[in-house]
Structures are given as structure tokens and as C-alpha cells.
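Everything on this sheet refers to the single structure shown next.
The values are calculated or read from the model by the stated rules, or taken from the named source; none is laboratory data. Since the model is a prediction, treat every value here as computed from it, not as a measurement. Positions of Cβ are backbone-derived with ideal geometry, glycine not excepted, and every protein chain shown enters the neighbour counts. Accessible surface areas use protein heavy atoms only, side chains included; no ligands, DNA or RNA. Shrake-Rupley method; radii C 1.70, N 1.55, O 1.52, S 1.80 Å.
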Amino acid sequence: MTVAIDRATGKRRGDRAPRPGLGRRLKQSYRKYWYAYAMITPVIVVLGVLVLYPLAYGFYLTLTDADSLNTARTIGVNEIEATYKFIGFDNYADILWGETAYDRFWSHFLWTIVWTAACVTLHYSIGLGLALLLNQKLRGRTFYRLILILPWAVPTFVTVFGWRFMLADSGIINSALETLHLPTPLWLEDTFWQRFAAIMVNTWCGVPFMMVSLLGGLQSIDSTLYEAAEMDGASAWQRFRYVTLPGLRSVSSTVVLLGVIWTFNQFAIIFLLFGNTAPDAQILVTWAYQLGFGQQPREFAESAAYGILLLAILIVFTSFYRRWLNRNDQQLAI
């Protein structure tokens, strides 16, 4: 075997140059991409101030016994120093396995799972049905789209307060049921009907987003696929199953994931609809708020621990969800 050697440098031809150090690589990268670094620096600063710092400080609080009685505070001209202590993971252990763990965490966790599954299922199914309808050539289709998107355009607090007035004992819904000689549920008082009303109101607010997203996905499907399927004798159901659903796969996977995350953390609807009057209808995020700001003493450390648990649950779900989607994509490719 012959190895060519460069006489000028004494190095063998074909040898790789030694890799520069980390500092030199960063310097070269900055010189080459300084404009990109300058553009993303404000974003990084804002994320650090508004997201990373509160998250890190919240996690630190979960390792203490901080509450409204032992944190630093100012009363008049007197400044009281913080006296809370570091207790490690005791808050997590108490929430998950303490004597009252079921009433304080697991019951709300199970209801949050049911709430999320029911709302996202209704959002997707109703939104897909309306998107299929609006994708047809109908007279006045633009007007229908405008009407159906209004619940999404109206501010959430306006929508929820409107539903609260309608669901009151003397509201329009119970008045209509009385006129029809039907039972009048206690929408804002009975636990079952409180949960039913919460799902109903959240469905009203969430369907327009699903409808618009899926309608965009439907319009991106090549019409020749439907023509080919129809020429092959495929029925309407077969065209829906083998053309529409696969064509919506990428859009559906994204909107379902976003729907799960948003619904799991949906604070406004539960809080504005019931406030503190429906403890059994509280999902985890509103229950965490109740512990941290809706009672005395305010349990800052425990409330922060609920927030970290919520984040962990969503991270685990997202990881498994994306892995499941990738596995299905690979099977379809085969």
C-alpha cells in the first residue's frame, strides 16, 4: 500500500484536518451567522424571562413548604422575611400518595382525563362534520362559515358568561324545558350537570377551530383522488375512509395534539362558569389555582407542584403520541 505524502507539509494526503476547539467553532459560527443570532436573541431573552425563570422558580418552590404565612411580604411599613424551609419531594409524595391523595389529586385527575377525552372527541367529530358540509358547493357557503366561526371570534369570557346566564335556574334553557314539561337540571349546582355543562360550553368554544383547520386540510386534498375512487365504484363511505381520512392525517394529528394540550389546561371556562362553587367539577389546573390563590392560607408550594405535575403529564403524553404517530407512518410506508 502506497501512502502519498505532501513534501511541503509532511502530512499524508487525504488526512482530515484536526477539528477546531469549541471556542473557535462558536467564534466561526458567530462570524458566519451573526445576523441569525441577532434575530433570535430577543426571543431567547423573552422566553427566559417569561417562561424559563418562572418555571425554574416554580420548581424550586415545590421543594419547599412555602405558603402565604411564611413567604416574604410587606405589611404597612414592616417587611417580613421568608421563613419557609426546604423539604425536598415531600409535596409530591403528599399529593400522589398522602392520606387525602384521592380527594385532592386523583379524583381531579380522572375527571380531567374524562373532560379532555370527551371535549376533544366532540371537537373533532363535530368540526369534521361541519368541515365536510362547508367543503361542498352550497349556496351561501361564505355566510355559513362566518356564522360558524363566530363562537371562536367572540372573547371567551363573554361566551362563558352568556352560557352562565342561560344555564341559571331561571335562564332561557330551563324556561324552555319547563315550557316543554321536561325536567330542569341544576346546571350550576349538581355535580353531574356541572360537568355536563362544562363539556357543552367547551365544545361550543372549541369546535370552530377544529372546523377551520380541517376545512383547510380538506381543501388541500387533490380532487382527482375522489374522481378516481368514484370511477372505481367506491361508495361515499369508502371515499371518506380511504381518501378523506388519510388526506387529513397530518392536519388531524396536529389539531388533536393541540386540542388535548389546550383542553387539559383549559382554565377560563371552568373558572368563569363555576368559580369556587363546584369543587367536584374542577380540573387539575383550576384546582391548582384554588390551592394557590383561592383559599387561606394560600399553598404556593403545593400549587406549584400541581403545575409541575401537569407539565410532566403533558410531556409524557406528547412523547407517546408522537411515537405512536411515527410508528403508524412507518407501517403505512411499508
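Values computed for the structure shown
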quantity	calculated
Residue check for residue 256: under 23 Å from residue 330 (Cβ atoms) and either of a type outside the set (Ser, Thr, Tyr) or surrounded by fewer than 16 Cβ atoms within 10 Å (Cβ to Cβ) (or both)	yes
Residues of segment 267-302 satisfying the condition of being among the polar types (S, T, N, Q) and over 19 Å from the mean Cα position of the chain (by Cα)	276, 277, 290, 295, 296
Top-ranked residue of segment 268-324 - restricted to ones that are among the charged types (D, E, K, R) and surrounded by fewer than 19 Cβ atoms within 10 Å (Cβ to Cβ), ranked as farthest from residue 154 (Cα to Cα)	323
Tabulated pairs, segment 257-279, first within 14 Å of residue 207 (Cα to Cα), second open to solvent by 60 Å² or more (accessible area, probe 1.4 Å), C-beta under 8 angstrom, 6+ apart or interchain	260/317
Selection status of residue 58, open to solvent by less than 50 Å² (accessible area, probe 1.4 Å), part of a helix (DSSP H, G or I), at negative phi and touching a residue at least 60 places away in the same chain (Cβ under 8 Å)	yes
Pair list, Cβ < 6 Å and 6+ apart or interchain, from segment 158-176 residues that are at pLDDT below 90 to residues that are surrounded by fewer than 16 Cβ atoms within 10 Å (Cβ to Cβ) and in a helix (DSSP H, G or I)	171/165
Selection status of residue 213, assigned to a helix (DSSP H, G or I), among the hydroxyl-bearing types (Ser, Thr, Tyr) and touching a residue at least 60 places away in the same chain (Cβ under 8 Å)	yes
